[in-house]
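Written below as structure tokens is the structure these notes are about.
The values are calculated or read from the model by the stated rules, or taken from the named source; none is laboratory data. Please read all numbers here as calculations on a predicted model, not as lab measurements. Cβ placement follows ideal geometry from the backbone for every residue including glycine, while neighbour counts extend to all protein chains displayed. The accessibility values were calculated without ligands, DNA or RNA, using every heavy atom of the protein model including side chains. Shrake-Rupley method; radii C 1.70, N 1.55, O 1.52, S 1.80 Å.
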Amino acid sequence: ESMKQIIQSLNSKIGIELAEVPVPKIKPGHLIIKTKRSLVSLGTERMLVEFGSASLFEKARKKPEQVFQVLDKVKTDGFLSTYNAVKGKLDQVISLGYCNVGEVIESDVSGIKVGDRVASNGPHAEFIRVPEKLAAVIPKNVTDDEAAFTVIGSIGLQGIRLTKPTFGETIIVVGLGLVGLITIQLLKAMGVNVISIDLDEKKCSLSDVIGVTALNASKVD
């Protein structure tokens, strides 16, 4: 049985494609989920797509630290071995997407049963397999569209947990992409005074609508 999945090749000649791939099989401690929603993480996925479509020279310019690793490998392993290793790496494909909502169709996980709606870090695919720790049952009062933000929201939440803000403190969030916009709302809900900063006036306006004072760094010192 096959399904459709979005994959990205690091080879600029292949790029991004909607591929026909086998449906994943159940494994111990895992779930098989039929996708209902799949959220695009614009910053991360655009970076991967642009990197994959770039020429070899542009790839080297974007990842200079890996160029030095390649040069070191040439010194120790020789040119041919290094060339084959780099070519093998560029011929690999990666799954795009990590914000999934769907219905469990197979379960080897206690506490999550067939028919449950779950949010997970699964990729853009019709069916996905995820381990127990990377899936959570969605409460009934949360819609599929809202639940699709779970994983990307957890990125902002991790930053908050590391900061350990207390009530009444002022926290500045620099950058109002998707993670930034979710983070300022989480901080506001915690009783923290929040200031946001971005260069994009539209994003600053969104912050103001949410009720968080925004500073446009292209206009304000």
Out of all the residues in the range 115-125, is one or more loosely packed, with under 15 Cβ neighbours inside 10 Å and more than 19 Å from T183 (Cβ to Cβ)?
-> yes
Of the residues in the range 96-107, those that are open to solvent by 10 Å² or more (accessible area, probe 1.4 Å) and modelled with pLDDT of 95 or more come to E103, I105, E106, S107
Residues (β-branched (V, I, T), open to solvent by less than 50 Å² (accessible area, probe 1.4 Å) and more than 24 Å from the chain's Cα centre (by Cα)) located in the range 172-221 = V192, V194, I195, V212
